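A.B. asks: Sending over a structure as C-alpha cells; questions will come in a sec.
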Amino acid sequence: MSEFVVKPLSPATWPDFAALVERHNGVWGGCWCLEFHPEGKERGAHRREKKECRVREGTAHAALVFDGAACVGWCQFGSPAELPRIKHLRAYASESDASPDWRITCFFADKAYRGKGVAEAALAGALELIARLGGGTVESYPEDVEGRTVSASFLYNGRLCAFERHGFQRVRRLGKNHWVVVKRVAPG
C-alpha cells in the first residue's frame, strides 16, 4: 500500500471528491456529505449542487485522503454553525455545557480501501487542517465497537479507539454506543 496524502476539500480538489462520491452512488443514498449541514434534511438531486456551492463559499471542510491521484476517503469537520445536525442532538443538547470550536462529523472510505488506514489518515489530516485554521476545541461523536461486530460501512462517525489514539478524551456517553470526545488542538 502506498503512503496516503491528505489535502483539504477546496474548489481545486472538488473534482476528486465528486469522483469518489459518484463512484459510490452519492454515498449513503445520495448524502453527498451534506447530512450534518443545516440543509441536510432536504432530500433530492440538488445535494451535489449544494455541497459544491458550500465548497466554493468555504463553508464545507474535509480532509481528503489520496492514494496517488485518486481520492479514496475523507473526514468532514467544521464549526457547530456549519455542522449543526449531529446525531443524538436532543441527548447532546440536554447535557452540553459549551460549544466546541470544531466538530468532526463523518468519515467515508472507498470500498476498495476499507480496513487500510484511510480513516486514520483522514482523522490525522483533519486535526492538522484544524491546527492550520487556528486550532481550538475539537469535538466528535465516535462509536465504541469494542466487543461488537459493526460493518465498516456503518461507522460514519468513526471508531472511538481511533479518536483515543489521537489524544481525544471521553467526556460522556451519547446514545447506546457513541461517545462525546474532545481534544484541544493548538494553532499550527
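The values are calculated or read from the model by the stated rules, or taken from the named source; none is laboratory data. It should be emphasised that the depicted structure is a prediction, and the values quoted were computed from it without experimental measurement. Cβ coordinates were reconstructed from backbone atoms using ideal geometry, including for glycine residues, and neighbour counts include every protein chain displayed. The area values use the complete protein model at the heavy-atom level, side chains included, leaving out ligands, DNA and RNA. Shrake-Rupley method; radii C 1.70, N 1.55, O 1.52, S 1.80 Å.
A.B. asks: Ranking request for peptides 63-69, 36-42, 100-106: highest mean number of other beta-carbon atoms within 10 Å first, then the rest in descending order. Please report the intermediate quantities before stating the final value.
C.D. replies: Details: 63-69: 19.0, 36-42: 15.3, 100-106: 24.0.
For the peptides 63-69, 36-42, 100-106, the packing ranking is 100-106, 63-69, 36-42.
A.B. asks: Then there's this: Around Ala70, under 14 Å between beta carbons, what's the net of Lys plus Arg minus Asp minus Glu among the other residues?
C.D. replies: Working: positive: Lys7, Arg23, Lys111, Lys116; negative: Glu3, Asp16, Glu22, Asp67, Asp110.
Charge balance in the 14 Å sphere: -1.
A.B. asks: If you don't mind, there's one more thing I want to ask. Would you please give the residues with an amide H less than 5 Å from that of Cys106, counting only those at least 5 places away or on a separate chain, with H modeled from the backbone geometry?
C.D. replies: Gln76
A.B. asks: On a 1.4 Å probe surface of the protein chains, which of Val72, Val6, Val150 comes out largest in accessible area, and what is the full order? Kindly include the intermediate steps, with their values, before the conclusion.
C.D. replies: Values: Val72 0, Val6 55, Val150 30 Å².
Descending order: Val6, Val150, Val72.
A.B. asks: If a helix is a whole DSSP H run, which ones in the chain reach 20 Å or further along their own axis (Cα) and hold a mean Kyte-Doolittle hydropathy of at least 0.5? Kindly include the intermediate steps, with their values, before the conclusion.
C.D. replies: Details: long enough: 118-132 (21 Å, 1.27).
What comes out of the filter, once short or polar helices are dropped, is 118-132.
A.B. asks: A further question on this structure: Which translational diffusion coefficient, to the nearest whole µm²/s, is obtained for region 28-160 from the Stokes-Einstein equation, given a Kirkwood hydrodynamic radius over C-alpha pairs, 20 °C and 1.002 mPa s? Provide the component values of the computation, followed by the final result.
C.D. replies: Working: Rh = 15.6 Å.
D, rounded to a whole number, is 138 µm²/s.
A.B. asks: Report, by chain and number, residues whose modeled amide H sits under 5 Å from the one on Val72, excluding near sequence neighbours (fewer than 5 apart, same chain).
C.D. replies: Val65, Phe66, Asp67
A.B. asks: Let me ask something additional. List the chymotrypsin sites (Phe, Trp or Tyr not before Pro) within region 124-175 that DSSP assigns to loop and that have no more than 10 neighbouring Cβ atoms inside 10 Å. Present the calculation step by step, with values, prior to reporting the outcome.
C.D. replies: Values: sites: Phe154, Tyr156, Phe163, Phe168; in loops: Tyr156, Phe168.
For chymotrypsin sites (Phe, Trp or Tyr not before Pro) across region 124-175 that sit outside H, G, I, E and B with at most 10 neighbouring Cβ atoms in 10 Å, the list is empty.
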